[in-house]
1. For the subset of segment 136-161 comprising residues that are surrounded by fewer than 23 Cβ atoms within 10 Å (Cβ to Cβ) and within 13 Å of ligand 2 (Cβ to nearest atom), which member is farthest from Leu239 (Cα to Cα)?
2. Kindly evaluate Asp75 against the criterion of being of a type in the set (Asp, Glu), under 27 Å from Trp294 (Cβ atoms) and surrounded by 13 or more Cβ atoms within 10 Å (Cβ to Cβ).
3. Being away from ligand 1 (no atom under 16 Å from the Cβ), outside any helix (DSSP H, G or I) and either in contact (Cβ under 8 Å) with a residue 24 or more places away in the chain or surrounded by fewer than 17 Cβ atoms within 10 Å (Cβ to Cβ) (or both), is that true of even one residue in segment 114-122?
4. Please give the helices (runs of 4 or more DSSP H) falling wholly within segment 1-91 in which 3 or more residues are β-branched (Val, Ile, Thr).
5. If I ask for residues that are in a helix (DSSP H, G or I) and of a type in the set (Gly, Ala, Ser), which ones from segment 186-236 would you list?
6. Give the residues of segment 177-208 that are more than 24 Å from Gln291 (Cα to Cα), modelled with pLDDT of 95 or more and more than 17 Å from the chain's Cα centre (by Cα), sorted by residue number.
7. Among all residue pairs at least 6 apart or on different chains, which show Cβ distances below 7 Å where the first residue, located in segment 127-147, is touching a residue at least 12 places away in the same chain (Cβ under 8 Å) and the second is within 14 Å of ligand 1 (Cβ to nearest atom) and polar (S, T, N, Q)?
8. Restricting attention to segment 24-47, which residues are modelled with pLDDT of 80 or more and closer than 30 Å to His185 by Cβ?
Amino acid sequence: MTDQMRSTEQIIGRADINDLEAIMAVYNADWDEAMHAVHSNYDTVFTWDYDKGQRPKLDKLYEKAKKAQWNAQTDLPWDTPVDQEAVVVANAVASGGFQHETMDLSHTPLAKWGDKEWLDFGVQSQNWTLSQFMHGEQGALVCTAKIVESVPWIDAKYYASTQVMDEARHVEVFSKYLDDKLSGHYPINSHLRLLLDDIIADSRWDLTYLGMQIMVEGLALAAFGFLHQMTTEPLLKQLLRYVMSDESRHVAFGVLSLQEYYQQLSAAELRERQEFAFEAAVRMRDRFLQQEVWDHMGVDPKAVAPLLLEIPERQMFQTMLFSKIVPNCKKLGLLDAADGWLRTKFTELGVIAFEDWTDTGEEYDSLQATGEVAAAS
Ligand SMILES: [Fe+2]
Ligand SMILES: [Fe+2]
């Protein structure tokens, strides 16, 4: 096992997870790129075992998903007027004011900023956030199509096919919201793109699940939940509620599928999965520095990044994003396998405290029991 273990530097390209210079060096300047091809190298698997319901929990999820379909064009009130600037101000008020009001910015490039710049920053930040959601949803669309091809179980192929449809709808709603209600798209953040590329290029079917259903969608579920609670804009609120009701099913799909598979893996194989989970966690955290927004505002991201890291609300938000991922990794046995390597890494990232929160498998069962999951359908 020793020869296979990789150092932090080999896994994420830098020895110190908080090395800002190295994080900022990963940057996507190509705003005009229209296409991005990733070579993947995996087996497409046919199964001749068509016995439906061999995995009863996946089968139940599939039956549920068929009933929970909704139409992005007709089920949402798209005629709701959205005044983006007013929404930015209202959201800031709702979350206790603009963060900069309580900070000493006198020796920073932001010292000269007035209300106009901060408002513009809020608008750009929203365009960026929703753009990254849209790109992430396309990642989910592509990854789940790959799962349909590569997973060996019929119940999982059936379920994944419904998720492909769900993800198409998610790309559609975020894209429409950006076009109709906001004021500009951002290209995909490079840290997110690196992660999606790694998930798609890997030849092992379970790593698609781990990267997408457990890590990316686990984080999305927490982020959508946070935004759903915070936003004062009724259309976005409803849109997020619909998307979240699908996402909790997707994350449950990942947990249910991998739980069985990971029980039979060796410690060395589990260690590779731990490294992949750690890499994904770091990439997702890195993207929250919003480099592209600062660049758009004419401010060197390197000059403001250290400040951003010190804002307590921001630290809390970033930590909360891991509130689904950590308990789900625990449920899969990934925290403590291979001498607890991932436990150590999640401790370094400051997110281990979530380990005993409810995992999404259980959460999905209890939501179903109360009828919450079907609420959007
Ligand atoms: Fe999605
Ligand atoms: Fe999803």
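The values are calculated or read from the model by the stated rules, or taken from the named source; none is laboratory data. Quick caveat: nothing in here was measured; it's all calculated off a predicted structure. All Cβ positions, glycine included, derive from the backbone under ideal geometry; neighbour counts span all protein chains shown.
1. Only one residue tops the list, namely Ala145.
2. On the way: of a type in the set (Asp, Glu): yes; under 27 Å from Trp294 (Cβ atoms): no; surrounded by 13 or more Cβ atoms within 10 Å (Cβ to Cβ): yes.
When the stated conditions are applied, Asp75 does not pass them.
3. Looking only at segment 114-122, we keep the residues that are away from ligand 1 (no atom under 16 Å from the Cβ), and these are 114-122.
Checking the rest, the ones that are also outside any helix (DSSP H, G or I) come to 114.
From the residues that got through so far, the ones that are either in contact (Cβ under 8 Å) with a residue 24 or more places away in the chain or surrounded by fewer than 17 Cβ atoms within 10 Å (Cβ to Cβ) (or both) too are 114.
Within segment 114-122 (the criterion being away from ligand 1 (no atom under 16 Å from the Cβ), outside any helix (DSSP H, G or I) and either in contact (Cβ under 8 Å) with a residue 24 or more places away in the chain or surrounded by fewer than 17 Cβ atoms within 10 Å (Cβ to Cβ) (or both)), the answer is yes, since at least one residue qualifies.
4. Numbers: elements: 8-12, 20-24, 56-67.
Passing ranges, in order: 8-12.
5. So in segment 186-236, the residues in a helix (DSSP H, G or I) come out as 190-201, 205-230, 234-236.
Within segment 186-236, Ser190, Ala201, Gly211, Gly218, Ala220, Ala222, Ala223, Gly225 qualify.
6. Asp180, Asp206
7. Cβ pairs passing all conditions: Met134/Ser175; Thr144/Gln163.
8. Of all residues in segment 24-47, those modelled with pLDDT of 80 or more come to 34-47.
Ala34, Met35, His36, Ala37, Val38, His39, Ser40, listed by residue number.
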